[in-house]
Amino acid sequence: MPLKILDSTLREGEQTPGVCFNNHIKTAIADLLDEVGVDIIETGHPVVTEEIHESVREIAGRGLRAKVGAHARSVQNDVDVALECGVGFLGIFYCVSDSRLNHHEKKLSDVVEKITSIVSYARETQPNLIIRYTPEDTVRSEWHNVITAATEAVHAGANVISVADTTGFMIPGTDRSMYDYVARLKDKLAVNNCYPMIAVHCHNDRGLALANALDGYRAGAEIIDATVMGLGERAGLVDLATLLAVLKTDFNLENNWNLKLIPELYKLVSRFAGFEIPKLAPVTGQNAFTHCAGVHTQAALKNPLHYQSLDPALVGRESQLSLDHMSGLSAVKYALDKIGVNGLSETAIANILDKVKEIGQMGRVVDLDELKHIVNYLTKERNNNIEQQSQDWAFAFVDQTR
Ligand code: HCA
Ligand code: CU
C-alpha cells in the first residue's frame, strides 16, 4: 500500500512552547527532510507572523522534491497568502464538534458551507493543489458532523481528509481504536462516493501516537503525520525517526528514504529547538543501541541480534557497549582489546573489572580514556602503547551480522 509521510516539524513542531526556528534553520531542516525523503513538508501557517510567511515562500521556492505545504484556517485571506507563497499542498482545518459549534453559536450547515466555499476557492485558484481538510479533534467529534463535513469538502475539491487525534485520545484495541475509525471512515465516504486519501495526525498525550498512527495505516490511511523528536503541542506528535525505522524494518514498505541522515537532522533540530534528545529515545537516543549488563554484552558481542531487533546501521549508527557496575568480563576484555591492551593476566583483568564496577556504582560510565588510566594505575606502570580513543563514554563494536 503506498504511504506518504508528512513532516510537520516546521508547523506543529513550532507549536512546542519556546520553539522558534530562524528562517535559515527552517530552510536547512526542510532541505534535510527532503533528502531523508519525506513526501510532504508542512512549513507553517503564513498569516501567523511575517517570518513564517517569508519562510513558507522561501521553502516553497527551493525546488524540493517533496510537496511543500502550508496551514490555513477556513478563511479566504489565509488561503490567498498561502497560495501566493507557491505551495503545492494546503491544509485547511475547522472543528465541527457540537461542543465547538455550540461554543461559537454556529450551525453545522453554516460551517460546512464555509469549509466548502474555501475548499472550492482554493481548488479553482490552483487546480493542481493537494488540498487537505481536517475536522480538528476528528475522533472526539460527532460522527455525523465529521462525515457531513468530510463528504462536502471532498465534493468541493479536497483530496485528503485528515483524521486528527488532536488530544491523543485514541487507544489501540479498544472502542477508541484508530484502526476502526479509519476503516469506518473509508467505508462511509465510499458509500457517499468519496475516495480521498486519508491522513492520520496522532498526538502523543497517552504515549500512543505511533501505535495509533500504525493502526491507522493498517486500516488504509495513506498519509502519516510526524515531527522530528515528536515536537508539537503538549506531548507532541509521532516521532519521525521511530516511525520511519519501524515502517522500513517491520512493514517492508517500498521507499527511497535515506535514514542515514536522521542523526544529522536530529542534531540540527535538537540544537535549534533547544531540546536535548532524551538518552532513552528509540532510534535517536544516545542509549538506543547500547548494551550494558554483563549477560547482555556477552551475548551481544557474539551476535547483537540477541539483544537488538532494530539495526543501528539503518540510521548510520553502531551498537555500543557501556562499562559500569553492570559490566562483566567479556565487555572489559573487549574494551581492553579496543585500546590495544593484550596479554594481561586473568587476575589483572578481574581487578580492572572491579574498578569499573566501583566507578559504575558512583553513577558513572567508564569510557575508553578512563579505562586506560585504570590499566596504568592497576598495573603500576605507564603503558604508552595504549591507543588513544576519542569516544567519550562508550565504544562501538563490529556488528557481526553484517
Ligand atoms: C492545530 C491543531 C492540529 C491541526 C491538524 C491539521 C490538530 O494546531 O491547528 O490541520 O491537520 O492536532 O488537530 O494540529
Ligand atoms: Cu496537531
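The values are calculated or read from the model by the stated rules, or taken from the named source; none is laboratory data. Model, not experiment: these values are computed from the prediction. As a convention, Cβ positions derive from the backbone with ideal geometry for all residues, glycine included, and neighbour counts pool all protein chains shown.
Residues of region 20-63 being surrounded by 21 or more Cβ atoms within 10 Å (Cβ to Cβ), assigned to a loop (DSSP other than H, G, I, E, B) and touching a helix residue (DSSP H, G or I) at 6+ places or on another chain (Cβ under 7 Å), which ones? Those that are surrounded by 21 or more Cβ atoms within 10 Å (Cβ to Cβ), assigned to a loop (DSSP other than H, G, I, E, B) and touching a helix residue (DSSP H, G or I) at 6+ places or on another chain (Cβ under 7 Å): Phe21, Thr43, Gly44, His45, Pro46.
Yes or no: region 6-15 includes at least one residue that is modelled with pLDDT of 95 or more, within 26 Å of Leu214 (Cβ to Cβ), of a type in the set (Lys, Arg) and within 16 Å of ligand 2 (Cβ to nearest atom). Full working, then the answer.
Looking only at region 6-15, we keep the residues that are modelled with pLDDT of 95 or more, and these are 6-15.
Imposing the further condition that a residue be within 26 Å of Leu214 (Cβ to Cβ) reduces the set to 6-15.
Remaining after also requiring of a type in the set (Lys, Arg): 11.
If we keep only those that are within 16 Å of ligand 2 (Cβ to nearest atom) as well, we get 11.
So far as region 6-15 goes, yes, one or more of its residues are modelled with pLDDT of 95 or more, within 26 Å of Leu214 (Cβ to Cβ), of a type in the set (Lys, Arg) and within 16 Å of ligand 2 (Cβ to nearest atom).
Only one of these conditions is not met by Leu314: (1) of a type outside the set (Gly, Ala, Ser); (2) more than 30 Å from Thr242 (Cβ to Cβ); (3) touching a helix residue (DSSP H, G or I) at 6+ places or on another chain (Cβ under 9 Å). Which number is it? All conditions pass for Leu314, except number (2). Selection within region 1-19: residues that are touching a strand residue (DSSP E or B) at 6+ places or on another chain (Cβ under 6 Å) and part of a loop (DSSP other than H, G, I, E, B). The member of this set that is surrounded by the most Cβ atoms within 10 Å (Cβ to Cβ) is Thr9. Take Gly236 and decide whether it is touching a helix residue (DSSP H, G or I) at 6+ places or on another chain (Cβ under 6 Å), among the small types (Gly, Ala, Ser) and over 29 Å from Val366 (Cα atoms). Spelling it out, Gly236 is indeed touching a helix residue (DSSP H, G or I) at 6+ places or on another chain (Cβ under 6 Å), among the small types (Gly, Ala, Ser) and over 29 Å from Val366 (Cα atoms). Checked against (1) within 26 Å of the chain's Cα centre (by Cα); (2) without any contact (Cβ under 8 Å) to a residue 40 or more places away in the chain; (3) in a helix (DSSP H, G or I), Leu305 passes all but condition (2).
Go through region 12-49 and give me each residue that's within 16 Å of ligand 1 (Cβ to nearest atom), charged (D, E, K, R) and farther than 13 Å from Cys85 by Cβ. Listed by number, the residues that qualify are Glu12, Glu14, Asp39. In region 98-138, the qualifying residues are those that are within 16 Å of ligand 2 (Cβ to nearest atom) and surrounded by fewer than 19 Cβ atoms within 10 Å (Cβ to Cβ), and the one that is nearest to Cys194 (Cα to Cα) is Glu136.
Annotation: of all residues in region 139-166 being out of contact with any Ser or Thr (no Cβ under 9 Å at 6 or more places or on another chain) and of a type in the set (S, T, N, Q), the one that is nearest to ligand 2 (Cβ to nearest atom) is Asn159.
Quick grid of which residues meet (1) farther than 28 Å from Ala235 by Cβ; (2) touching a residue at least 40 places away in the same chain (Cβ under 8 Å); (3) not aromatic (Phe, Trp, Tyr):
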site	(1), (2), (3)
Phe21	no, yes, no
His24	yes, no, yes
Thr27	no, no, yes
Val48	no, no, yes
Glu51	no, no, yes
Ser97	no, yes, yes
